[in-house]
Amino acid sequence: MRERTNRRDSIKRLAGLGAGYFVAPLTTYAQEAPTDSSRPLITSGVASGDVTSDGGILWSRCDRPARMLIEVSTSRQFDDVKRIVGPDAMSSKDCTAKVRLRGFAPGTRLHYRVRFEEFAGRRRRSEWAEGSMLTAPQTSKDVTFVWSGDTAGQGFGIDPDRGGMRTYQTMLDHKPDFMVHSGDACYADGPFPSRIELDDGSIWSNIVTEGTSKVAESLEEFRANHRYNLMDRHVRRFNAETPVIAQWDDHETVNNWYPGEFLNGDDRYRTKSVSMLAARAKQAFLEYSPIRTVADGRQRLHRVVNYGPMLDLFFLDLRSFRGRNSTNRQSELGDATQFLGRHQLSWLKSGLKQSKATWKVICSDMPIGLVVGDGNHFENAANGDDGPPLGRELELASLFQFVKQEQIQNLVWITADVHYAASHYYDPNLASFKDFLPFWEFVSGPLHAGTFGPNKLDNTFGPQVKFTSVTSELKPNRPPSEGLQFFGKVRIEKETQVMTVEHYNRNGNKLWGVELEPSASA
């Protein structure tokens, strides 16, 4: 469809400018080096994520192989410190390290600081890098979180003269308990030109690094795209003060990808196997994300985060198990219709049935009813025919039927991907397929990328537009400097358990909101 095609064309045009890129020194925007440059240096700040009632995941990166050392306290002054010898930051993981914090009280603000120590010689240590995180509650309390997606897309990287990735600071001003990053954490298929001429004649001037001067193919190039975003001061500050619970979508690898795809028609890539690219992209994503490993040791990206008695968050992975993009008109479930995939669909049904939380929030990397094309095929589940479920819609129909059969109440979807914000109410009375309970879906983004939209809605599941942040008159690929960058905010009130969902723009202006009453039968 037009919106996806324009984004793909934009990426290819920018890639073609690669030979003329200006490579700026990293020190122009990265953390300043200590006076004694022989000491280890924390290059990308600190971050936390995948919070639990007794801790969470803590992450950082050193400029060389070294051992991670952590101090944690419930006091900002670091009284009563708990000291932890963390893992080794090794070259095999790009000198990143993460550790799971355990044994702390629920609903507690933890203040932490991280440093790295050399293995040998004088065993020099880096300076401390500090941050904080809030552990999940075990009893009912007010909960606030934000969500969005799409960071550094369409060639719009860090322009210091325009303030960098300012939406992260605006989100931080709301003091959320945590953030859900809904995917496209970087754009590994979208290199950064040194200059982009905007429609008003002004110049967008990117900081450019060697590792982001072409589409990512090697593991090091995928890593470079994650490191790039961490050069931004707003991103680093946000990460230091707010746990980020992350999922991936397509641009961490390549636009609209699916397992088994070959990029035979894309001259930018020497590595044609998308499965090979995705394996490298996943390794880099996991190295740079504070994501915990599941109990069996395998690193799945679909997982549930239990956040007290009022909230369970189910994180989907709509990339790893999907079939190839097609005309999406199959009439029976099979390999070609896989979207979540059989295992993940079964896991989600089981988890929703077992959940005792008041609100079940499904964190999806793609919307449900918005039509997202991939040439003559379809990237999303929606196929645009407005009729009974076909193709990938069959998996969603199966899920929605199950939710109705089990009377699972208070289900809400949040997502990003389409580079604008919207609120959709799915009404079985107005749908072609009617065997489901009504529910809401909230879309946000981009955080720092080109703005597009709105997309066409497919009526199979009866989505009704209650809010959209852009109109059909919008010229595609609007730069972040125009202010059309969006995030969503969710608040659950302790006493009433009412969920309030609001949309904001980069300047912090509230655009729309709704209060959702929990079902009495939940």
Surrounded by fewer than 22 Cβ atoms within 10 Å (Cβ to Cβ) and touching a Pro at 6+ places or on another chain (Cβ under 8 Å): does that describe Gln401?
no
Scan region 249-291 for residues that are in contact (Cβ under 8 Å) with a residue 40 or more places away in the chain, open to solvent by 40 Å² or more (accessible area, probe 1.4 Å) and either more than 18 Å from Arg324 (Cβ to Cβ) or of a type in the set (Asp, Glu) (or both) and jot them down.
Arg268, Arg270, Arg280, Gln283
Cβ pairs under 8 Å, 6+ apart, first in region 407-426 and more than 16 Å from Leu370 (Cα to Cα), second open to solvent by 10 Å² or more (accessible area, probe 1.4 Å) and among the small types (Gly, Ala, Ser)
Gln407/Ser521; Ile408/Ser355; Gln409/Ser519; Gln409/Ser521; Gln409/Ala522; Asn410/Ser519; Asn410/Ala522
Unmet criterion (only one of (1) in a loop (DSSP other than H, G, I, E, B); (2) open to solvent by 50 Å² or more (accessible area, probe 1.4 Å)) for Leu301:
(2)
In region 482-492, which residues are buried (at least 19 other Cβ atoms within 10 Å of the Cβ) and within 27 Å of His448 (Cβ to Cβ)?
Leu484, Gln485, Phe486, Phe487, Gly488, Lys489, Val490
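Might you check whether a residue that is of a type in the set (A, V, I, L, M) and under 16 Å from Gly49 (Cα atoms) occurs anywhere in region 275-293?
Restricting attention to region 275-293, the residues satisfying the condition of being of a type in the set (A, V, I, L, M) are 276-279, 281, 284, 286, 291.
Checking the rest, the ones that are also under 16 Å from Gly49 (Cα atoms) come to 286, 291.
Looking through region 275-293, at least one residue is of a type in the set (A, V, I, L, M) and under 16 Å from Gly49 (Cα atoms).
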Going by the structure shown, is Ala185 open to solvent by 20 Å² or more (accessible area, probe 1.4 Å), among the hydrophobic types (A, V, I, L, M, F, W, C), touching a helix residue (DSSP H, G or I) at 6+ places or on another chain (Cβ under 8 Å) and in contact (Cβ under 8 Å) with a residue 60 or more places away in the chain?
yes
Residue count for region 297-316, restricted to those that are among the hydrophobic types (A, V, I, L, M, F, W, C) and touching a residue at least 60 places away in the same chain (Cβ under 8 Å):
6
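Residues are listed down the side, and each one gets a yes or a no for (1) basic (Lys, Arg); (2) under 19 Å from Leu313 (Cβ atoms):
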| position | (1), (2) |
| --- | --- |
| Arg342 | yes, no |
| Ser355 | no, yes |
| Ser364 | no, yes |
| Gly373 | no, no |
| Glu379 | no, no |
| Gly387 | no, no |
| Leu394 | no, no |
| Ile408 | no, yes |
Every residue in region 38-54 that is modelled with pLDDT of 95 or more, open to solvent by 10 Å² or more (accessible area, probe 1.4 Å) and in a loop (DSSP other than H, G, I, E, B), please.
Leu41, Ser53, Asp54
Matching residues in region 493-522 (touching a residue at least 12 places away in the same chain (Cβ under 8 Å) and either open to solvent by less than 40 Å² (accessible area, probe 1.4 Å) or hydrophobic (A, V, I, L, M, F, W, C) (or both)) number 18
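The values are calculated or read from the model by the stated rules, or taken from the named source; none is laboratory data. All values reported here derive from a predicted model rather than from experimental measurement. With ideal geometry, Cβ positions are generated from the backbone for all residues, glycine too; neighbour counts draw on all protein chains shown. Heavy atoms of the whole protein, side chains included, go into the accessibility calculation; ligands, DNA and RNA do not. Shrake-Rupley method; radii C 1.70, N 1.55, O 1.52, S 1.80 Å.
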